[in-house]
Amino acid sequence: MLTRIDHIAIAVQNIGDALKFFEDALGVQLDHTALEEGGRTQVAFMPVGQSEVELVEPQDSESGLAKFIAKRGEGIHHICFEVDDIEAALARLKDKGAQLIDETPRTNTKGMRYAFIHPKSAHGVLIELYQKPK
Ligand code: ZN
């Protein structure tokens, strides 16, 4: 079951530049930055109510994210839904014929489990599912 939009991720060329808009002009507050994907992606999280905006900046010109920006420019990269049971959600998607990028969940530096669904199966939107650590 989907319980909430956890975050909306925006692909940017440079987080420092993007924060001039998001922090200074729009007024959202930076909570933290981190390196993810084994150092290939810099991320910045800005809480907004029960959800967050995540800025994602490629650190490696060969990464999927770098290619995304090269091809499509900056913009919304993915939407992340919180689920109460990520295995059950992935099994259901697979059963319904959806194309999964991750058949089994990945784990980030904070121990949170997440998995991506291919945009081909989701009307052009990369979707991330995320389950809170128990
Ligand atoms: Zn994300």
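The values are calculated or read from the model by the stated rules, or taken from the named source; none is laboratory data. Predicted model, so just to flag it, every value in this text is computed and none were measured. Here the Cβ is made from the backbone with ideal geometry for all residues, glycine too, and neighbour counts use every protein chain on show. The protein model used for the area step is the full one, side chains on, heavy atoms only, and it has no ligands, DNA or RNA in it. Shrake-Rupley method; radii C 1.70, N 1.55, O 1.52, S 1.80 Å.
Results, tabulated for the structure shown:
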quantity: Residue count, region 28-40 (criterion: of a type outside the set (Val, Ile, Thr) and either touching a helix residue (DSSP H, G or I) at 6+ places or on another chain (Cβ under 8 Å) or surrounded by 14 or more Cβ atoms within 10 Å (Cβ to Cβ) (or both)); calculated: 5
quantity: Top-ranked residue in region 36-62 [being of a type in the set (S, T, N, Q) and within 14 Å of the ligand (Cβ to nearest atom); ranked as nearest to Ile127 (Cα to Cα)]; calculated: Ser51
quantity: Which listed residue is open to solvent by 60 Å² or more (accessible area, probe 1.4 Å) and away from the ligand (no atom under 16 Å from the Cβ), from Ala98, Ala88, Ala25; calculated: Ala25
quantity: Ser61, sole failed condition from (1) small (Gly, Ala, Ser); (2) touching a Ser or Thr at 6+ places or on another chain (Cβ under 7 Å); (3) farther than 21 Å from Leu2 by Cβ; calculated: (2)
quantity: Residue, nearest to the ligand (Cβ to nearest atom), within region 1-22, restricted to residues that are open to solvent by 40 Å² or more (accessible area, probe 1.4 Å) and part of a strand (DSSP E or B); calculated: Ile8
quantity: Residue in region 64-76 that is least open to solvent (accessible area, probe 1.4 Å), counting only those that are more than 18 Å from Gly16 (Cβ to Cβ) and within 14 Å of the ligand (Cβ to nearest atom); calculated: Phe68
